[in-house]
Each structure stands twice: as C-alpha cells, then as structure tokens.
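In what follows, a single structure is set out as structure tokens and then discussed.
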Amino acid sequence: MPSDQPAPVKDPVTAVAHANIALIKYWGKRSAEKNLPAVGSVSLTLDALKTETTVRFLSDGDKDHLILDGRSAGTEQVQKVSKFTDLMAGSNRPPVFIESHNNFPTGAGLASSASGFAALAKALNKACSLDLDDQTLSVFARQGSGSAARSIFGGFAEMKLGSDNSGDGDYAHQLYDENYWDIRLLVAVVSQAPKKIGSTEGMNRTAKTSPFYNAWIESSPNDIRNIKSALAERDFQKLGELSEHSAMKMHGLAISAHPSILYWQAGTMESIRKVWGLRKRGIPAYITMDAGSQVKVITLPEHCSIIKEALTELPGVTDVIEAKPGPGAHLITDTE
Ligand code: DP6
C-alpha cells in the first residue's frame, strides 16, 4: 500500500450494483489507456439485474482470487480485476479474494461488466477505507468498463466527457433517482450465438474502419441534449424515439465497420418487427440493443404484460425479463 493510504480492513465487505441500459449509447473511445469515452451517454439503472461482490484482503498468499458465479475465473478476468484493485488500493496491497455473483442468467448475454465493476469499486472503497464520493468512484469504475461509471448511480444517469485527457472529468452523475419515473424495460433473451465481439474490440474496429464514425461523434451532443429534455418533461414518446434511434445508429455504425460487426440473430429481427407491429397498434414500445443479440423494450408499466406475451411467443426468444428503475451501488454489510 502507498504510505498515505490506510491499511485494508480484514473483514469481508459486500456491495451490490445493478446493470444499466444506455438510452443514448456509448460507442467509441477517445483514449484507450484511461478508457475515455468518445461520446457522452445517458442510462437507466435496472432493479432486476444485479451483481453482488464480496471483497476480502488476505493476510498471506501471493495471488489474487476471483470467483465468478461459483467458479474460478480465467486468467484474463483475474488480471483485469487485479489491475483494477491496484488502481484503487495501490500496487503494494495484500492479495485479495473476490467473489462475485450475477442474479441474471449467465447465458443471457446481458453485460455484467457495468454492474460488476461498479460493485467492485464500491466494495473496495470500504475495504480500503478510502471514503471516496460517488463521483470519484464513477471515475474509477469507468476504468474497469465505461458503462460501469453509470451503474454507481440509481435511476437515470449521464456519463460526461472531460475537457482534457486526465480522466478526472470523465464520470457519470445522477440526473433523476429511481423514483422519478416508473418506466419499464423488458429484455427479450434471444438464443446465443457461439461467438461474440466484445464492446472494446467492436468500438476499436468501428473507430478505425467505419466511414460513418465522425458523423456518429458529431451527432452525439444533440442526442444527449434531446434525451435530457425528454426526461425533464417525462415525455415517453420522445424518450422512446430517441433511445431507439441511438441504438439503431450504433448498430448501423457497427455494421459499417470493416469487417462488419453484426450482433443480431434471427430472434433479434423477430423481436424488432414484433415491437414495431405493436407500436403500429398504438402500444408505446421502443427497442434498444447493446453489443449482443438481446432486444430490450422500453415501455410503460400498463403495457408490459401484452408485450411480454407477444415476445414470449416468438420462436427465437427464450425468456423475457422485466426490469424497472433500480438503485445505485451500495454496501450490504458493514464492518463497523
Ligand atoms: C453497447 O462499457 O462494455 O453497451 O468501456 O470497453 O468496457 P468498455 O465498454 P462497455 O461498452 C458498453 C457499450 C454498450 C453501450 C452502452 O452501454 O452505453
């Protein structure tokens, strides 16, 4: 540990963080080294999808341990969390034992890095007695995964871009808490493809090869401005249209990379068409998608059951998960 940092606590510390869905998407980095996003983003934290992480510093041993959903994690994943732990605790720290569990189906292809790094940042903050505020935790979480910066906060969050490349100005902040507006997100779980291009790799390839990348960057501030006004006015149609447009624009951009990045499966297309059909019949439902084949439907509570029913009937959909606005990252044990 650096001499100016307090010694880590010996007792285990457990934190919970929830996954979030970007309404206005983050895709592209302006610096890979500090994981600085090239565009701002706006998200909704989801109550139904969470990661619980327990951190315990060990008094002996020389290596870190990571257990993910009951199994020892692979070398690459251990290295990633070791590096993240060094960042927060200093490289002189004792070895750490980290156990992390996602409550959502592991095969569902729902990004767990956002809730994972937000929970880890929150737990390490306590385990190392750092006493950092949420803004600083968001700066740290971002270095684990860009979207994790937003999962520090509940409800609706905005990821801001710093004015320089120090990284100190690239953090999320809460726009509205989880009680502000009861909108819903239905996740249509689509059968998994055997191989998937991760977000980081997908972003890098897109930035290097898409002829549309600059247009994506240039159009971003307007999207952020508009969604913030939709949120302020609680204008559901505007929120839905902007969210769907941002997702389609991001996927169009990925498709335009060379070689092309296509995250969709047959079930993805079926779900999109189904939701568009429902909307034609007057049901307020809009789609969004991340770096995977799942389709997420933004709607209002009174329309959930009809949409769920329609999606469940599709041959390419294996499950439908319902989520509402969820809380920010928090501790669930206290060692004091
Ligand atoms: C499509 O946060 O997973 O979900 O910073 O490289 O770890 P890294 O990327 P990550 O990217 C998320 C991309 C997205 C859109 C979003 O969540 O904004």
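The values are calculated or read from the model by the stated rules, or taken from the named source; none is laboratory data. A quick note: this is a predicted structure, and the numbers were derived from the prediction, not measured. Quick reminder, even Gly has a Cβ in these numbers, built from the backbone with ideal geometry, and neighbours come from all protein chains shown.
In the range 32-63, which residue that is polar (S, T, N, Q) and part of a loop (DSSP other than H, G, I, E, B) is farthest from the ligand (Cβ to nearest atom)? The residue in question is SER59. For the criterion of being more than 16 Å from the ligand (Cβ to nearest atom), of a type in the set (Gly, Ala, Ser) and surrounded by fewer than 22 Cβ atoms within 10 Å (Cβ to Cβ), SER166 passes.
Screening the candidates LEU262, LEU331 for the property of being in the same structural domain as ARG56 (by TED's automatic domain parsing) and over 17 Å from VAL189 (Cβ atoms) yields one hit, LEU331. On the basis of being basic (Lys, Arg), within 11 Å of the ligand (Cβ to nearest atom) and touching a residue at least 12 places away in the same chain (Cβ under 8 Å), does LYS29 make the cut? So LYS29 passes the test.
Kindly provide the set of residues from the range 286-332 that are outside any strand (DSSP E or B) and surrounded by 20 or more Cβ atoms within 10 Å (Cβ to Cβ), ordered by number.
Here is the first cut: in the range 286-332, the residues outside any strand (DSSP E or B) are 289-294, 300-316, 324, 326-329, 332.
If the condition is that a residue be outside any strand (DSSP E or B) and surrounded by 20 or more Cβ atoms within 10 Å (Cβ to Cβ), then MET289, ASP290, ALA291, GLY292, SER293, GLN294, ILE307, ALA310, LEU311, GLY326, GLY328, ALA329 are the ones that fit.
Applying the condition of being within 16 Å of the ligand (Cβ to nearest atom) and in a loop (DSSP other than H, G, I, E, B) to the range 169-192 and asking which residue is farthest from ASP319 (Cα to Cα) yields ASP170. Sub-7 Å Cβ pairs linking a first residue in the range 217-244 that is in the same structural domain as ARG279 (by TED's automatic domain parsing) and among the aromatic types (Phe, Trp, Tyr) to a second residue that is exposed (fewer than 14 other Cβ atoms within 10 Å of the Cβ) and not in a helix (DSSP H, G or I), at least 6 apart or interchain, number zero. Note on the range 240-285: residues that are part of a helix (DSSP H, G or I) and either away from the ligand (no atom under 16 Å from the Cβ) or of a type in the set (Val, Ile, Thr) (or both) amount to 18.
Sort out which residues of the range 109-154 are away from the ligand (no atom under 16 Å from the Cβ), surrounded by fewer than 24 Cβ atoms within 10 Å (Cβ to Cβ), over 18 Å from ASP86 (Cβ atoms) and not polar (S, T, N, Q), and write them in order of number. ASP131, ASP133, ASP134 - these are the residues of the range 109-154 that are away from the ligand (no atom under 16 Å from the Cβ), surrounded by fewer than 24 Cβ atoms within 10 Å (Cβ to Cβ), over 18 Å from ASP86 (Cβ atoms) and not polar (S, T, N, Q).
Taken together, the criteria place ASP86 among residues that are over 17 Å from the mean Cα position of the chain (by Cα), closer than 15 Å to GLY144 by Cα and more than 16 Å from the ligand (Cβ to nearest atom).
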